[in-house]
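Have a look at the structure below before the remarks.
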């Protein structure tokens, strides 16, 4: 018995500004599909999703949604004219008896339905749009970066909701942990071509690398063939001119084939120049307390940051992570306690609000008008880590083209704004890097590059992020801020913190509310496992497999007998990383055995 698709696209072609975005695209989304939509920033992911939602009309092709099936799209910048509150907007398509659904989603996503539309921030509007979509529960959900502006607890709630839904969904996200947990198939947009693999995001990077490796091999073969035929043409054509014109035409066809190949987008040319070393002790805080009215940010907080540490701050939105950062940097004064900063500190800051960018300025003026980057008497050059560089050349290092140089900042996508801010940041020499939500809007490849950059950075890093995978890759210390002034220091990254603390509230099963319809509860498993333990048992095999793969890569790296003498710092970091992952693996395997025994008891 055949299944009726939720959505079918046939022969879709779309061109923007003379450049094809898609050509002859065929795509089917089946009931229950859980699809990751991936690709570089600017590759057309959001455009494809808008075509699927019938918000952008293709130049050619057809889109069919069968009768009785519904498609819902989470708007990035929802229009709320005519609505007084976020709740009015979120409930606008619901029946009176269904309003509780928005209230429930509001609790999970942490937005206030009573908030006036005119005073709501962009993040609050996006959360309202997401709550609206979740409450309406269409057959197919199109989710474009749903985790942006969510804290980790809200991300955990959304992950659980999507993990149990019967609806199909297509998901764009930079959050690897979120994608790995939820997706079973992957759509990859690359240079106008859309490929599909019936495996989730976990398998994407190996698939992408294999495709690119095969592409490079074919390009290498083509180059060798052109070189061989060109040599023949020069050396032997005069004697055989008439009878070999076909071979000459074949050479011209080979050259045309090469010229027609679309070059892969490169990676941004990131580089960080560490300033002269700071003192060994970078920051020492003792007995810090800070409150704003009745809201307590910290109380009795102690922290010592040593040179080279990577310290992550995690916790719900509004708990005071940025304020605690400012206290440690001396930008805010503590009510109690002392903060001592080390010697020779040179600080560079990445601001999550993008306040360092003027939306009305051009990219050119954003760089040349920055006092820290200005080159005296040179209007077309910027100072990059002490060396003058042409502004367009520097913008190209961060994947901007020459036409964008004079465009206003407001015309950039979220990922492009993040890259521009990183360009300003990385022009400076520093030995203390402060990154407040740097991962928002960056594609997977750029996140990889940023992580590698931080691994090799000789200075100290203070980091605020809700990206669990990025925290695991970067952080050596995690400070968990849990409200009411409680801030606890844990060794390691996100997974280490959870292993020591236990699951967050957002990861626990939701308690039924009195005003909700009665839903038949599933019987508890005979094993006696709690919901959280059962969920953890399901997740552990994938975690163990990931750790084993990382250990294998590190062991392969360290098998190089020259590594220690050639790159002693890299060898030391690899050794430490290997020990950490071996400890995590042992802990995970022990936890799995304990849960399995409990399940069988």
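Taken together, the values in this text are just the output of simple stated rules run on the coordinates, not laboratory data. Because the structure is a prediction, the values reported are computed rather than measured. Cβ: placed from backbone, ideal geometry, glycine included. Neighbour counts: every protein chain shown.
Under the simplified labelling scheme, the residue 582-residue 28 pair shows an inter-label distance of 5.0 nm, with each label point 7 Å from Cα along Cα→Cβ.
The label point for residue 501 and the one for residue 358, both projected 7 Å from the Cα toward the Cβ, are 4.0 nm apart. Provide the gained length on full extension for the span residue 429 to residue 486, in nm with one decimal, where the gain is 0.36 nm per separating residue minus the Cα-Cα distance. Working it through step by step, the gained length comes to 17.1 nm. For the range 523-600, the spread of Cα coordinates along the three principal axes comes to 59, 16, 14 Å, biggest extent given first.
Placing R0 at 56 angstrom, the Cβ-Cβ distance between residue 165 and residue 379 gives a FRET efficiency of 0.50 after rounding to 0.05.
If I model a spin label as a point 7 Å beyond the Cα along the Cα-Cβ vector, how far apart are those points for residue 545 and residue 98 in nm? Label-label distance for residue 545 and residue 98, simple model: 3.7 nm. First check a/c for the range 1-160, with a ≥ b ≥ c the square roots of the eigenvalues of its C-alpha gyration tensor; if it is under 1.5, answer rounded, and if not, answer prolate when a/b is larger than b/c or oblate otherwise. Since a/c reaches 1.5 and a/b is larger than b/c, the shape of the range 1-160 is classed as prolate. Across the range 194-220, the residues whose backbone nitrogen lies under 20 Å from the label position 7 Å along the beta-carbon direction of residue 15 are 194. Fully extending the segment from residue 452 to residue 596, taken as 0.36 nm per residue of separation minus the present Cα-Cα distance, adds 48.2 nm. Based on the Cβ-Cβ distance of residue 344 and residue 289, what FRET efficiency does E = 1/(1 + (r/R0)^6) give at R0 = 30 Å, to the nearest 0.05? Efficiency at R0 = 30 Å is approximately 0.60. What is the distance in Å between the Cα centres of the range 314-350 and the range 35-53? The distance from the Cα centre of the range 314-350 to that of the range 35-53 comes to 38 Å. Stretching the chain fully between residue 296 and residue 57 yields a gain of 81.0 nm (0.36 nm per residue, less the alpha carbon separation). Projected over every direction and averaged, the convex hull enclosing the alpha-carbon atoms of the range 290-355 yields 5.5 nm².
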